Amino acid sequence: MNHTEQSFAAFAAESLAEAKRLRAAVLELPADVSTEELARTFDGIGRALGEVHGLAELYSAVHPEEAIRDAAEAASRDISTFVTDHGNDRDVY
């Protein structure tokens with residue numbers, strides 16, 4: 001997958017927005033939600049971030065273009081912040 005600085009930043013932002021949307025969806029599930037629906041919604045958060053987080057880590061370390069390395073580093077920080085906040089959110093767990 002070939003990215004420019006802008007396309008990678010957009011990809012990262014879209015992926016993070018989807019993870020945030022799914023996190024909000026988890027919080028809005030009714031108390032009597034099925035285990036399967038809860039697991040599917042919760043797992044979607046990880047799926048939304050999986051590809052972009054791996055690419056961000058890789059690109060920030062080895063991409064030959066500095067602008068893309070910088071965009072990837074910023075994306076990695078944003079994703080890490082979300083993951084930490086999500087993991088510490090008592091309302092989610």
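The values are calculated or read from the model by the stated rules, or taken from the named source; none is laboratory data. Worth saying up front: this structure is predicted, and the values here are computed from it rather than measured. Methodologically, a virtual Cβ is constructed for each residue, glycine included, from the backbone with ideal geometry; neighbour enumeration extends over all protein chains shown. Just the protein is used for accessible areas: all its heavy atoms, side chains included, with ligands, DNA and RNA removed. Shrake-Rupley method; radii C 1.70, N 1.55, O 1.52, S 1.80 Å.
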**OP:** Please give the number of the condition Val92 fails out of (1) part of a helix (DSSP H, G or I); (2) open to solvent by less than 80 Å² (accessible area, probe 1.4 Å); (3) touching a helix residue (DSSP H, G or I) at 6+ places or on another chain (Cβ under 8 Å).
**Re:** (1)
Original post:
Taking segment 43-68 on its own, how many of its residues are assigned to a helix (DSSP H, G or I) and surrounded by 17 or more Cβ atoms within 10 Å (Cβ to Cβ)?
Top reply: 11
**OP:** Kindly indicate the residue of segment 17-35 that is in contact (Cβ under 8 Å) with a residue 24 or more places away in the chain and out of contact with any Leu (no Cβ under 9 Å at 6 or more places or on another chain) and also least open to solvent (accessible area, probe 1.4 Å) among those meeting that condition.
**Re:** Leu22
Original post:
Within the set of pairs 6+ apart or on separate chains, which have a first residue in segment 74-93 that is free of Cβ contacts under 8 Å to residues at least 40 places away in the same chain, a second that is in a helix (DSSP H, G or I), and C-beta atoms under 6 Å apart?
Top reply: Ser76/Ala56; Ser76/Glu57; Ser76/Ser60
